[in-house]
Amino acid sequence: MEKRKDAVTMELHIVCIPGDGIGPEIVREAKKVLEAVARVYGHKMIFEDILMGGASIDVHGVPLTEEAVTRARSAQAVLMGSIGGNTSTSPWYKLPPNLRPEAGLLAIRKELNLFANLRPAVLYDELAAACPLKEEISSAGFDMLIMRELTGGLYFGERRTVVENGVRKAVDTLTYDENEIRRIAIKGFDIAMKRRKKVTSVDKANVLDSSRLWRKVVEEVAAGYPEVVLEHMLVDNCAMQLVKDPAQFDVILTENMFGDILSDEASMVTGSIGMLASASLNDSKFGLYEPSHGSAPDIAGQDIANPIATVLSAAMMLRYSFDLDAEADAVETAVKQVLKDGYRTGDIMSPGCEQVGCSRMGDLLAERVN
Ligand code: NAD
(Lines give C-alpha, C1' and ligand atoms only; values in the text may rest on other atoms or scores of the structure.)
Protein backbone atom coordinates (compact mmCIF):
# COMPACT_ATOMS: atom_id res chain seq x y z
CA MET A 1 0.00 0.00 0.00
CA GLU A 2 1.33 3.46 -0.98
CA LYS A 3 1.61 6.37 1.42
CA ARG A 4 -1.07 8.99 0.74
CA LYS A 5 0.29 12.09 -0.98
CA ASP A 6 -1.57 14.48 1.32
CA ALA A 7 -0.39 12.75 4.50
CA VAL A 8 1.48 14.63 7.23
CA THR A 9 3.96 12.33 8.93
CA MET A 10 3.53 11.89 12.66
CA GLU A 11 5.43 9.77 15.14
CA LEU A 12 3.05 7.97 17.47
CA HIS A 13 4.66 6.73 20.67
CA ILE A 14 2.38 4.04 22.04
CA VAL A 15 3.01 1.90 25.10
CA CYS A 16 1.29 -1.47 24.81
CA ILE A 17 0.15 -3.67 27.69
CA PRO A 18 -0.52 -7.08 26.18
CA GLY A 19 -1.52 -8.39 29.63
CA ASP A 20 -2.91 -11.85 30.26
CA GLY A 21 -5.14 -14.46 28.62
CA ILE A 22 -6.11 -13.40 25.10
CA GLY A 23 -4.49 -9.97 25.72
CA PRO A 24 -1.25 -10.65 23.78
CA GLU A 25 -3.20 -12.10 20.82
CA ILE A 26 -5.63 -9.20 20.44
CA VAL A 27 -2.98 -6.51 20.99
CA ARG A 28 -0.84 -8.11 18.28
CA GLU A 29 -3.74 -7.76 15.81
CA ALA A 30 -4.42 -4.17 16.82
CA LYS A 31 -0.74 -3.36 16.21
CA LYS A 32 -1.05 -4.97 12.79
CA VAL A 33 -3.94 -2.65 11.94
CA LEU A 34 -2.07 0.39 13.31
CA GLU A 35 0.94 -0.52 11.17
CA ALA A 36 -1.40 -0.57 8.15
CA VAL A 37 -2.60 2.92 9.13
CA ALA A 38 1.03 4.03 9.37
CA ARG A 39 1.78 2.67 5.88
CA VAL A 40 -1.28 4.23 4.24
CA TYR A 41 -1.13 7.60 5.98
CA GLY A 42 2.63 7.92 6.24
CA HIS A 43 3.00 7.86 10.02
CA LYS A 44 5.54 6.11 12.19
CA MET A 45 4.38 3.85 15.02
CA ILE A 46 6.78 3.49 17.92
CA PHE A 47 5.54 0.62 20.08
CA GLU A 48 6.94 -0.28 23.47
CA ASP A 49 5.55 -3.14 25.57
CA ILE A 50 5.22 -3.10 29.36
CA LEU A 51 4.04 -5.77 31.77
CA MET A 52 0.95 -5.44 33.90
CA GLY A 53 -1.41 -7.80 35.72
CA GLY A 54 -0.56 -11.49 35.99
CA ALA A 55 2.27 -11.19 33.47
CA SER A 56 3.95 -8.65 35.76
CA ILE A 57 3.27 -10.71 38.91
CA ASP A 58 5.04 -13.69 37.30
CA VAL A 59 8.15 -11.64 36.53
CA HIS A 60 8.29 -8.95 39.24
CA GLY A 61 5.99 -10.25 42.00
CA VAL A 62 3.72 -7.19 41.72
CA PRO A 63 0.97 -6.36 39.18
CA LEU A 64 2.53 -3.03 38.20
CA THR A 65 6.05 -1.69 38.73
CA GLU A 66 7.01 1.96 39.09
CA GLU A 67 9.19 1.57 36.03
CA ALA A 68 6.18 0.42 33.99
CA VAL A 69 4.21 3.48 35.15
CA THR A 70 7.10 5.77 34.21
CA ARG A 71 7.28 4.24 30.76
CA ALA A 72 3.51 4.52 30.29
CA ARG A 73 3.64 8.16 31.36
CA SER A 74 6.37 8.90 28.83
CA ALA A 75 4.19 7.68 25.94
CA GLN A 76 1.42 9.62 24.19
CA ALA A 77 -1.12 6.81 24.69
CA VAL A 78 -1.43 3.32 26.11
CA LEU A 79 -3.05 0.41 24.28
CA MET A 80 -4.02 -2.45 26.52
CA GLY A 81 -5.28 -5.98 25.91
CA SER A 82 -6.72 -7.25 29.13
CA ILE A 83 -5.47 -8.49 32.45
CA GLY A 84 -6.42 -11.23 34.88
CA GLY A 85 -6.77 -14.99 34.89
CA ASN A 86 -9.33 -17.56 35.87
CA THR A 87 -10.39 -16.19 39.25
CA SER A 88 -11.17 -19.68 40.64
CA THR A 89 -8.07 -21.57 39.53
CA SER A 90 -5.25 -19.07 38.91
CA PRO A 91 -2.63 -18.81 41.70
CA TRP A 92 -2.72 -15.00 41.22
CA TYR A 93 -6.01 -15.00 43.16
CA LYS A 94 -4.43 -16.59 46.23
CA LEU A 95 -2.43 -13.36 46.68
CA PRO A 96 -3.69 -10.48 48.86
CA PRO A 97 -6.09 -8.18 46.88
CA ASN A 98 -3.49 -5.42 46.46
CA LEU A 99 -1.14 -7.85 44.68
CA ARG A 100 -3.70 -9.40 42.31
CA PRO A 101 -3.77 -8.58 38.57
CA GLU A 102 -6.68 -6.08 38.78
CA ALA A 103 -4.76 -3.96 41.31
CA GLY A 104 -2.42 -3.06 38.44
CA LEU A 105 -5.27 -1.59 36.43
CA LEU A 106 -6.63 0.44 39.33
CA ALA A 107 -3.13 1.71 40.09
CA ILE A 108 -2.34 2.79 36.52
CA ARG A 109 -5.70 4.61 36.22
CA LYS A 110 -4.89 6.49 39.43
CA GLU A 111 -1.23 7.16 38.55
CA LEU A 112 -2.17 8.56 35.15
CA ASN A 113 -5.16 10.50 36.49
CA LEU A 114 -7.57 8.90 34.03
CA PHE A 115 -10.83 10.49 35.14
CA ALA A 116 -12.95 10.13 31.99
CA ASN A 117 -14.10 6.74 30.80
CA LEU A 118 -15.59 6.43 27.32
CA ARG A 119 -17.51 3.41 26.12
CA PRO A 120 -19.11 3.47 22.71
CA ALA A 121 -22.09 1.19 22.05
CA VAL A 122 -22.71 0.74 18.35
CA LEU A 123 -25.13 -1.62 16.64
CA TYR A 124 -23.59 -2.85 13.37
CA ASP A 125 -26.19 -3.74 10.70
CA GLU A 126 -24.49 -7.09 10.08
CA LEU A 127 -24.69 -8.03 13.79
CA ALA A 128 -28.21 -6.74 14.41
CA ALA A 129 -29.43 -10.31 14.99
CA ALA A 130 -27.34 -10.42 18.21
CA CYS A 131 -29.15 -7.36 19.60
CA PRO A 132 -31.57 -8.49 22.32
CA LEU A 133 -34.00 -5.63 21.60
CA LYS A 134 -37.19 -6.02 19.55
CA GLU A 135 -36.60 -5.60 15.84
CA GLU A 136 -38.79 -2.50 15.61
CA ILE A 137 -36.33 -0.84 18.04
CA SER A 138 -33.04 -2.29 16.77
CA SER A 139 -33.90 -1.55 13.13
CA ALA A 140 -33.34 2.16 13.86
CA GLY A 141 -29.72 1.28 14.79
CA PHE A 142 -27.73 3.16 17.41
CA ASP A 143 -24.30 4.67 17.87
CA MET A 144 -23.78 6.21 21.29
CA LEU A 145 -20.90 6.94 23.59
CA ILE A 146 -21.14 6.81 27.37
CA MET A 147 -18.81 9.25 29.09
CA ARG A 148 -18.46 8.20 32.73
CA GLU A 149 -16.64 10.12 35.46
CA LEU A 150 -14.16 7.59 36.82
CA THR A 151 -12.37 8.96 39.88
CA GLY A 152 -15.03 10.65 42.02
CA GLY A 153 -18.48 10.08 43.49
CA LEU A 154 -19.73 7.24 45.61
CA TYR A 155 -16.90 4.83 44.81
CA PHE A 156 -14.27 7.21 46.18
CA GLY A 157 -16.20 8.88 49.02
CA GLU A 158 -15.66 8.22 52.70
CA ARG A 159 -17.19 4.99 53.93
CA ARG A 160 -17.54 3.19 57.20
CA THR A 161 -19.46 0.42 58.87
CA VAL A 162 -20.36 0.92 62.51
CA VAL A 163 -22.57 -0.59 65.15
CA GLU A 164 -24.91 1.92 66.78
CA ASN A 165 -27.07 0.81 69.69
CA GLY A 166 -26.46 -2.80 68.68
CA VAL A 167 -27.54 -2.15 65.05
CA ARG A 168 -25.04 -2.54 62.20
CA LYS A 169 -24.94 0.52 59.98
CA ALA A 170 -22.96 1.24 56.77
CA VAL A 171 -22.33 4.69 55.32
CA ASP A 172 -21.04 5.64 51.85
CA THR A 173 -20.70 9.25 50.76
CA LEU A 174 -21.21 10.76 47.31
CA THR A 175 -19.18 13.92 46.80
CA TYR A 176 -18.40 15.94 43.69
CA ASP A 177 -16.83 19.37 43.53
CA GLU A 178 -17.42 21.70 40.61
CA ASN A 179 -13.91 21.20 39.20
CA GLU A 180 -14.40 17.44 38.93
CA ILE A 181 -17.71 18.00 37.14
CA ARG A 182 -16.39 20.75 34.87
CA ARG A 183 -13.40 18.76 33.56
CA ILE A 184 -15.52 15.73 32.59
CA ALA A 185 -18.22 17.96 31.09
CA ILE A 186 -15.61 19.71 28.94
CA LYS A 187 -14.39 16.31 27.72
CA GLY A 188 -18.00 15.30 26.95
CA PHE A 189 -18.70 18.43 24.93
CA ASP A 190 -15.35 18.27 23.12
CA ILE A 191 -16.13 14.72 22.07
CA ALA A 192 -19.70 15.59 21.07
CA MET A 193 -18.16 18.17 18.71
CA LYS A 194 -16.40 15.27 16.95
CA ARG A 195 -19.70 13.35 16.73
CA ARG A 196 -23.38 14.30 16.21
CA LYS A 197 -23.23 17.26 18.62
CA LYS A 198 -25.71 16.11 21.23
CA VAL A 199 -25.05 15.60 24.95
CA THR A 200 -27.51 13.89 27.28
CA SER A 201 -26.41 14.65 30.83
CA VAL A 202 -27.73 12.01 33.19
CA ASP A 203 -28.29 12.67 36.88
CA LYS A 204 -30.77 12.32 39.73
CA ALA A 205 -31.32 16.03 40.25
CA ASN A 206 -34.81 15.51 41.69
CA VAL A 207 -33.19 13.93 44.79
CA LEU A 208 -29.43 14.47 45.07
CA ASP A 209 -27.55 17.70 45.79
CA SER A 210 -24.53 16.34 43.93
CA SER A 211 -26.75 15.94 40.85
CA ARG A 212 -28.12 19.47 41.18
CA LEU A 213 -24.55 20.83 41.19
CA TRP A 214 -23.73 18.48 38.29
CA ARG A 215 -26.61 19.94 36.26
CA LYS A 216 -25.60 23.57 37.00
CA VAL A 217 -21.95 23.04 36.07
CA VAL A 218 -22.85 21.09 32.91
CA GLU A 219 -25.06 24.00 31.85
CA GLU A 220 -22.22 26.47 32.47
CA VAL A 221 -19.90 24.36 30.29
CA ALA A 222 -22.62 23.97 27.61
CA ALA A 223 -22.70 27.77 27.21
CA GLY A 224 -19.26 27.51 25.59
CA TYR A 225 -20.52 24.99 23.01
CA PRO A 226 -23.45 26.67 21.21
CA GLU A 227 -23.42 24.03 18.45
CA VAL A 228 -24.02 21.17 20.88
CA VAL A 229 -27.58 20.35 21.94
CA LEU A 230 -27.76 19.61 25.68
CA GLU A 231 -30.56 17.68 27.34
CA HIS A 232 -30.87 16.50 30.93
CA MET A 233 -32.30 13.11 31.80
CA LEU A 234 -32.92 11.41 35.13
CA VAL A 235 -30.96 8.21 35.51
CA ASP A 236 -34.01 5.97 36.00
CA ASN A 237 -35.54 7.32 32.79
CA CYS A 238 -32.22 6.87 30.98
CA ALA A 239 -32.10 3.20 31.99
CA MET A 240 -35.53 2.79 30.34
CA GLN A 241 -34.73 4.86 27.27
CA LEU A 242 -31.63 2.77 26.54
CA VAL A 243 -33.85 -0.23 25.80
CA LYS A 244 -36.84 1.71 24.46
CA ASP A 245 -35.19 4.13 22.04
CA PRO A 246 -31.36 3.88 22.04
CA ALA A 247 -31.16 5.70 18.68
CA GLN A 248 -31.89 9.02 20.46
CA PHE A 249 -28.48 9.07 22.19
CA ASP A 250 -25.18 10.51 20.97
CA VAL A 251 -23.00 11.32 24.04
CA ILE A 252 -24.32 10.32 27.46
CA LEU A 253 -22.46 12.26 30.15
CA THR A 254 -22.75 11.00 33.69
CA GLU A 255 -21.15 10.46 37.09
CA ASN A 256 -19.28 7.37 38.26
CA MET A 257 -21.90 4.96 39.59
CA PHE A 258 -24.65 5.87 37.11
CA GLY A 259 -22.08 5.48 34.33
CA ASP A 260 -20.95 2.11 35.65
CA ILE A 261 -24.48 0.74 35.44
CA LEU A 262 -25.60 2.49 32.24
CA SER A 263 -22.45 1.60 30.28
CA ASP A 264 -22.97 -2.09 31.04
CA GLU A 265 -26.60 -1.81 30.01
CA ALA A 266 -25.70 0.01 26.78
CA SER A 267 -23.01 -2.50 25.90
CA MET A 268 -25.31 -5.45 26.45
CA VAL A 269 -27.90 -4.11 24.02
CA THR A 270 -25.28 -4.40 21.26
CA GLY A 271 -25.19 -8.15 22.02
CA SER A 272 -21.51 -8.56 21.06
CA ILE A 273 -18.92 -8.41 23.84
CA GLY A 274 -16.00 -8.94 21.46
CA MET A 275 -16.85 -5.68 19.66
CA LEU A 276 -16.87 -3.20 22.57
CA ALA A 277 -14.06 -0.67 22.80
CA SER A 278 -13.24 1.71 25.64
CA ALA A 279 -10.96 4.57 26.57
CA SER A 280 -9.94 6.31 29.79
CA LEU A 281 -8.60 9.84 29.39
CA ASN A 282 -6.91 12.47 31.51
CA ASP A 283 -7.15 16.22 31.01
CA SER A 284 -4.49 16.31 28.34
CA LYS A 285 -4.71 14.15 25.21
CA PHE A 286 -3.31 11.14 27.03
CA GLY A 287 -5.47 8.03 27.24
CA LEU A 288 -5.50 4.33 28.01
CA TYR A 289 -7.43 2.35 25.40
CA GLU A 290 -8.67 -1.18 25.97
CA PRO A 291 -11.50 -3.52 25.01
CA SER A 292 -14.42 -3.64 27.45
CA HIS A 293 -14.17 -7.40 27.80
CA GLY A 294 -11.82 -9.33 30.07
CA SER A 295 -8.88 -11.60 29.35
CA ALA A 296 -11.06 -14.60 28.42
CA PRO A 297 -8.69 -17.22 29.89
CA ASP A 298 -11.07 -19.94 28.64
CA ILE A 299 -10.07 -19.28 25.01
CA ALA A 300 -6.51 -17.93 25.45
CA GLY A 301 -3.77 -19.21 23.13
CA GLN A 302 -6.20 -20.79 20.66
CA ASP A 303 -6.24 -18.03 18.03
CA ILE A 304 -10.04 -17.75 18.26
CA ALA A 305 -10.48 -14.48 20.19
CA ASN A 306 -12.20 -11.57 18.49
CA PRO A 307 -9.66 -8.72 18.16
CA ILE A 308 -12.22 -6.15 16.93
CA ALA A 309 -12.87 -4.49 20.32
CA THR A 310 -9.12 -3.86 20.67
CA VAL A 311 -8.86 -2.65 17.08
CA LEU A 312 -11.77 -0.25 17.69
CA SER A 313 -10.04 0.90 20.89
CA ALA A 314 -6.99 1.67 18.75
CA ALA A 315 -9.27 3.71 16.45
CA MET A 316 -10.44 5.69 19.49
CA MET A 317 -6.78 6.27 20.35
CA LEU A 318 -6.12 7.71 16.89
CA ARG A 319 -9.14 10.01 17.26
CA TYR A 320 -8.83 11.19 20.87
CA SER A 321 -5.11 11.09 21.67
CA PHE A 322 -3.72 11.96 18.23
CA ASP A 323 -6.59 13.90 16.59
CA LEU A 324 -6.20 11.64 13.55
CA ASP A 325 -9.89 11.53 12.64
CA ALA A 326 -9.45 10.32 9.04
CA GLU A 327 -7.22 7.47 10.22
CA ALA A 328 -9.74 6.52 12.94
CA ASP A 329 -12.54 6.58 10.35
CA ALA A 330 -10.43 4.32 8.12
CA VAL A 331 -10.10 1.71 10.89
CA GLU A 332 -13.80 1.86 11.75
CA THR A 333 -14.70 1.54 8.06
CA ALA A 334 -12.37 -1.47 7.77
CA VAL A 335 -14.31 -3.13 10.61
CA LYS A 336 -17.64 -2.45 8.90
CA GLN A 337 -16.24 -3.71 5.59
CA VAL A 338 -14.90 -6.95 7.07
CA LEU A 339 -18.32 -7.66 8.59
CA LYS A 340 -20.02 -6.79 5.30
CA ASP A 341 -17.66 -9.15 3.48
CA GLY A 342 -18.98 -11.94 5.70
CA TYR A 343 -15.96 -12.68 7.93
CA ARG A 344 -16.62 -13.49 11.58
CA THR A 345 -14.74 -14.78 14.60
CA GLY A 346 -16.48 -17.58 16.50
CA ASP A 347 -18.17 -15.31 19.07
CA ILE A 348 -20.10 -13.37 16.40
CA MET A 349 -20.48 -16.21 13.89
CA SER A 350 -23.76 -16.49 12.02
CA PRO A 351 -24.96 -18.83 9.25
CA GLY A 352 -23.60 -18.10 5.77
CA CYS A 353 -20.50 -16.29 7.10
CA GLU A 354 -16.89 -17.47 7.01
CA GLN A 355 -15.37 -18.17 10.43
CA VAL A 356 -11.81 -16.93 10.85
CA GLY A 357 -9.31 -16.90 13.72
CA CYS A 358 -7.90 -13.92 15.59
CA SER A 359 -4.79 -13.54 13.45
CA ARG A 360 -6.64 -13.88 10.13
CA MET A 361 -9.21 -11.33 11.30
CA GLY A 362 -6.32 -8.92 11.99
CA ASP A 363 -4.96 -9.52 8.46
CA LEU A 364 -8.39 -8.93 6.90
CA LEU A 365 -8.82 -5.69 8.84
CA ALA A 366 -5.32 -4.44 7.99
CA GLU A 367 -5.93 -5.14 4.28
CA ARG A 368 -9.05 -2.97 4.37
CA VAL A 369 -7.41 0.12 5.86
CA ASN A 370 -7.23 2.72 3.12
P1 NAD B 1 -14.35 -12.08 29.99
O2 NAD B 1 -14.85 -10.85 29.33
O3 NAD B 1 -12.91 -12.31 29.94
O4 NAD B 1 -15.07 -13.35 29.33
C5 NAD B 1 -16.49 -13.54 29.35
C6 NAD B 1 -16.86 -14.46 28.16
O7 NAD B 1 -16.73 -13.73 26.93
C8 NAD B 1 -15.96 -15.68 28.03
O9 NAD B 1 -16.72 -16.78 27.59
C10 NAD B 1 -14.95 -15.29 26.97
O11 NAD B 1 -14.43 -16.39 26.25
C12 NAD B 1 -15.79 -14.37 26.08
N13 NAD B 1 -14.97 -13.32 25.46
C14 NAD B 1 -14.47 -12.21 26.05
N15 NAD B 1 -13.75 -11.49 25.18
C16 NAD B 1 -13.80 -12.16 24.01
C17 NAD B 1 -13.24 -11.93 22.72
N18 NAD B 1 -12.49 -10.86 22.46
N19 NAD B 1 -13.49 -12.83 21.76
C20 NAD B 1 -14.24 -13.91 21.99
N21 NAD B 1 -14.81 -14.18 23.17
C22 NAD B 1 -14.59 -13.31 24.16
O23 NAD B 1 -14.90 -12.04 31.48
P24 NAD B 1 -14.55 -12.99 32.72
O25 NAD B 1 -14.46 -14.40 32.26
O26 NAD B 1 -15.53 -12.63 33.77
O27 NAD B 1 -13.13 -12.50 33.22
C28 NAD B 1 -11.90 -13.14 32.89
C29 NAD B 1 -10.76 -12.36 33.50
O30 NAD B 1 -10.70 -11.05 32.91
C31 NAD B 1 -10.89 -12.14 35.01
O32 NAD B 1 -9.64 -12.30 35.60
C33 NAD B 1 -11.37 -10.72 35.12
O34 NAD B 1 -11.00 -10.13 36.35
C35 NAD B 1 -10.62 -10.09 33.96
N36 NAD B 1 -11.19 -8.82 33.48
C37 NAD B 1 -10.30 -7.86 33.12
C38 NAD B 1 -10.75 -6.67 32.62
C39 NAD B 1 -9.73 -5.62 32.23
O40 NAD B 1 -8.57 -5.94 32.09
N41 NAD B 1 -10.13 -4.37 32.04
C42 NAD B 1 -12.12 -6.43 32.46
C43 NAD B 1 -13.01 -7.45 32.79
C44 NAD B 1 -12.53 -8.66 33.32
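For Ile46, indicate whether it is more than 16 Å from the ligand (Cβ to nearest atom) and under 22 Å from Val335 (Cβ atoms). Criteria not met by Ile46. Per this entry, Thr175 is counted among residues that are touching a residue at least 24 places away in the same chain (Cβ under 8 Å), open to solvent by 60 Å² or more (accessible area, probe 1.4 Å) and either more than 13 Å from the ligand (Cβ to nearest atom) or out of contact with any strand residue (DSSP E or B) (no Cβ under 6 Å at 6 or more places or on another chain) (or both). Residues that are in a helix (DSSP H, G or I) and either farther than 27 Å from Thr345 by Cα or more than 19 Å from the chain's Cα centre (by Cα) (or both) are absent from region 17-30. When Val40 is tested against (1) open to solvent by 60 Å² or more (accessible area, probe 1.4 Å); (2) more than 16 Å from the ligand (Cβ to nearest atom), exactly one condition is not met: (1). Criterion applied to Ala107, Ala121, Ala116 was being within 30 Å of Asn282 (Cβ to Cβ) and without any contact (Cβ under 8 Å) to a residue 60 or more places away in the chain, and the one residue passing it is Ala107. Among the conditions (1) closer than 20 Å to Leu234 by Cα; (2) free of Cβ contacts under 8 Å to residues at least 40 places away in the same chain, the only one that Gly153 does not satisfy is (2).
Any residue that is over 23 Å from Val338 (Cβ atoms) and part of a helix (DSSP H, G or I) - is there at least one of those in region 46-55? Yes. For the condition within 14 Å of the ligand (Cβ to nearest atom), surrounded by fewer than 24 Cβ atoms within 10 Å (Cβ to Cβ) and assigned by TED's automatic domain parsing to the domain that holds Ala239, Asp347 does not qualify. All of (1) acidic (Asp, Glu); (2) assigned by TED's automatic domain parsing to the domain that holds Ile14; (3) in a loop (DSSP other than H, G, I, E, B) hold for Glu290 with one exception: (3). Applying the condition of being free of Cβ contacts under 8 Å to residues at least 40 places away in the same chain and surrounded by 18 or more Cβ atoms within 10 Å (Cβ to Cβ) to region 308-334 and asking which residue is farthest from Ala121 (Cα to Cα) yields Ala328.
Tell me, please, whether a residue that is open to solvent by less than 20 Å² (accessible area, probe 1.4 Å), touching an Asp or Glu at 6+ places or on another chain (Cβ under 6 Å), among the hydrophobic types (A, V, I, L, M, F, W, C) and under 24 Å from Gly153 (Cα atoms) can be found in region 240-257.
So far as region 240-257 goes, yes, one or more of its residues are open to solvent by less than 20 Å² (accessible area, probe 1.4 Å), touching an Asp or Glu at 6+ places or on another chain (Cβ under 6 Å), among the hydrophobic types (A, V, I, L, M, F, W, C) and under 24 Å from Gly153 (Cα atoms).
Looking across region 283-299, the residues that are away from the ligand (no atom under 13 Å from the Cβ) and closer than 21 Å to Thr310 by Cβ come down to Lys285, Phe286, Gly287.
Scanning region 65-87 for residues that are in a loop (DSSP other than H, G, I, E, B) and within 12 Å of the ligand (Cβ to nearest atom) yields Ile83, Gly84, Gly85, Asn86, Thr87.
Could you check region 265-287 and list, in sequence order, the residues that are closer than 27 Å to His43 by Cα and in a helix (DSSP H, G or I)?
First, pick out the residues of region 265-287 that are closer than 27 Å to His43 by Cα: 275-287.
Met275 - this is the single residue of region 265-287 that is closer than 27 Å to His43 by Cα and in a helix (DSSP H, G or I).
Quick check on my filter: what residues within region 306-342 are outside any helix (DSSP H, G or I) and in contact with a Gly (Cβ under 9 Å, 6 or more places away or on another chain)?
Listed by number, the residues that qualify are Asn306, Pro307, Ser321, Gly342.
Tally up the residues in region 31-45 that are of a type outside the set (Val, Ile, Thr), assigned to a helix (DSSP H, G or I) and over 18 Å from Asp20 (Cα atoms), please. Count: 7.
Ile252 fulfils the conditions (1) closer than 16 Å to Leu118 by Cα; (2) out of contact with any strand residue (DSSP E or B) (no Cβ under 6 Å at 6 or more places or on another chain); (3) more than 15 Å from the ligand (Cβ to nearest atom) except for a single criterion, (2).
Of the residues examined, Leu150 is not one that is closer than 30 Å to Gly352 by Cβ and either more than 16 Å from the ligand (Cβ to nearest atom) or not aromatic (Phe, Trp, Tyr) (or both). Counting residues in region 82-92 that are at pLDDT 95 or above, of a type outside the set (Ser, Thr, Tyr) and either open to solvent by less than 10 Å² (accessible area, probe 1.4 Å) or outside the structural domain of Arg368 (by TED's automatic domain parsing) (or both) gives one or more.
In region 96-133, which residues are under 15 Å from Asp58 (Cβ atoms), within 13 Å of the ligand (Cβ to nearest atom) and out of contact with any strand residue (DSSP E or B) (no Cβ under 9 Å at 6 or more places or on another chain)? Scanning region 96-133 gives Arg100, Ala103.
Name the single residue, out of those in region 107-125 being among the basic types (Lys, Arg) and assigned to a helix (DSSP H, G or I), that is least open to solvent (accessible area, probe 1.4 Å). My answer is Arg109.
The values are calculated or read from the model by the stated rules, or taken from the named source; none is laboratory data. Fair warning: this is a prediction, and the values are worked out from it, not measured in the lab. Neighbour counts run over all protein chains shown; Cβ positions are idealised from the backbone, glycine included. Areas reflect the complete protein model, heavy atoms only, side chains present, ligands, DNA and RNA absent. Shrake-Rupley method; radii C 1.70, N 1.55, O 1.52, S 1.80 Å.
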